[in-house]
Amino acid sequence: MRLFLLPISTRRTLFYCERLTEPLPHQMSLMDKVQNRAAKMWSGWEKKPPGSLMHRIVSSGNAGLRRIAFEEWGLKSVPPHSARKRMEEAAARAIEEDKENKKNTNADGVDTKDTKTAVVKGFDSKSVQVVYPSSVIPSTSVEALLTRLGTEREDLHRKRLIWCFVGMPITAPFVLVPVIPNIPFFYLAYRAWSHWRALSGSKHIQHLLANKGLVYTSSPILDAIYDKEKSVMGETKPVGTQIRREADSNGSAVSHDEAEPERLLLSNPSGSKGIADAFNAPSLELELERAIWQVETALAKERGVKGKNEEETKQEGPDANANVGIETTKRQTIPEKQQPTPEQWAGPPDAPAKGKDKAN
């Protein structure tokens, strides 16, 4: 497999895993088979006539899926560690069989093409390649950034996985309702699977980091694409310093500098399509489009809220100052007779003293 670190903005980075080899049908786990069956069923519902119940469910579901955080999709793209072990074993067996075939061919004197090489092409069981743009992400920050992306959402997915398991038995009885599918149960089941896959991907990344199983490779292709996007979006400020601030030596997030507002580094469709075409990864284009759309939406919302707050502050500023001035004026114009006298402040203990003075 191959990992990508693709900054979407100066504060958010897409982490994506591309599988260079796919397991054969007899090597697939039960979870993979269930996933493929569910994908086929979902695809069949998409082909239903517009306006039908199934088509409306799919349309609403796709809109909801697009709102799932792109960080979660990135972790889900990493295969579980057990699945990678099976792929390593299959690749090792294919290599051994390939060696045997070569020996047999040489002994017979027949020149044939290798049939097993395509199965293991680009797969290295000892290391995983991490591709990143060195013009955007400094090489000294790559490992820390990957550590943060692989660990920061672990607790979140674990908690939500537990809540999905709690809600599934509650929604299970709705399956008795005829005609209407048990949408709440299927939704919770899907979200439970999604959180489990994200947790598995996070653990796999931590395993690779702990065992030094990663090879960091800067890509001139990505550098050229990001430079082109920078000229298209009219940005000339360097972003390496701000990316470096996003991860410290422990891989934890650090505070943002408000003097450097967040800004986009990629756009749709030129950026997403350019990267996907350059690496011949069609699935990467979908992930980039979703991530860019989410970041664009979040930035637009932040700018709207910030602008509204500034406008309210400007409107409330003179009124607040006026109120302060009025209160100050009132305090200054209180008559002297309304001010408490020293005797009133002293209270009852002074009463005997006054009587004694009169007696004298």
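Any read-out appearing in this document is the output of simple, stated calculations on the displayed coordinates, not a laboratory observation. Treat the numbers as computed from the prediction; the structure is a model and nothing was measured. All Cβ positions, glycine included, derive from the backbone under ideal geometry; neighbour counts span all protein chains shown.
Brief remarks follow.
- Residue among Trp293, Pro282, Val305 farthest towards the positive dipole end of the stretch 268-308, charges placed on Cβ: Val305
- Flagged links, alpha-carbon separation over 30 Å, of Lys230/Lys301; Lys76/Lys301; Lys47/Lys230: Lys47/Lys230
- Subset of Lys159/Lys203; Lys33/Lys159; Lys228/Lys273 violating a 20 Å alpha-carbon distance limit: Lys33/Lys159
- Under-5 Å amide H pairs with Ser219, H placed in peptide plane, nonlocal only: Tyr132, Ser134
- For Leu156, Leu53, Leu149, Leu264, order by how many other beta-carbon atoms lie within 10 Å, fewest first: Leu53, Leu156, Leu264, Leu149
- Taking 0.36 nm per residue of separation and subtracting the Cα-Cα distance, full extension of the segment from Ser267 to Ala63 would add 71.4 nm.
- Distant-in-sequence amide contacts of Gln129, defined by a placed amide H-H separation under 5 Å and a gap of 5 or more residues or a different chain, comprise Leu3, Val215.
- Footprinting exposure proxy ranking of His195, His157, His207, fewest other C-beta atoms within 10 angstrom first, gives His207, His157, His195.
- Close amide H partners of Ser9, meaning residues 5 or more places away or on another chain with modelled amide H under 5 Å apart, are Leu265.
- Gyration tensor over the Cα atoms of the stretch 122-187: the corresponding equivalent ellipsoid has semi-axes (square roots of 5 times the eigenvalues, largest first) of 43, 16, 12 Å.
- Burial ordering of Met233, Met1, fewest other beta-carbon atoms within 10 Å first: Met233, Met1
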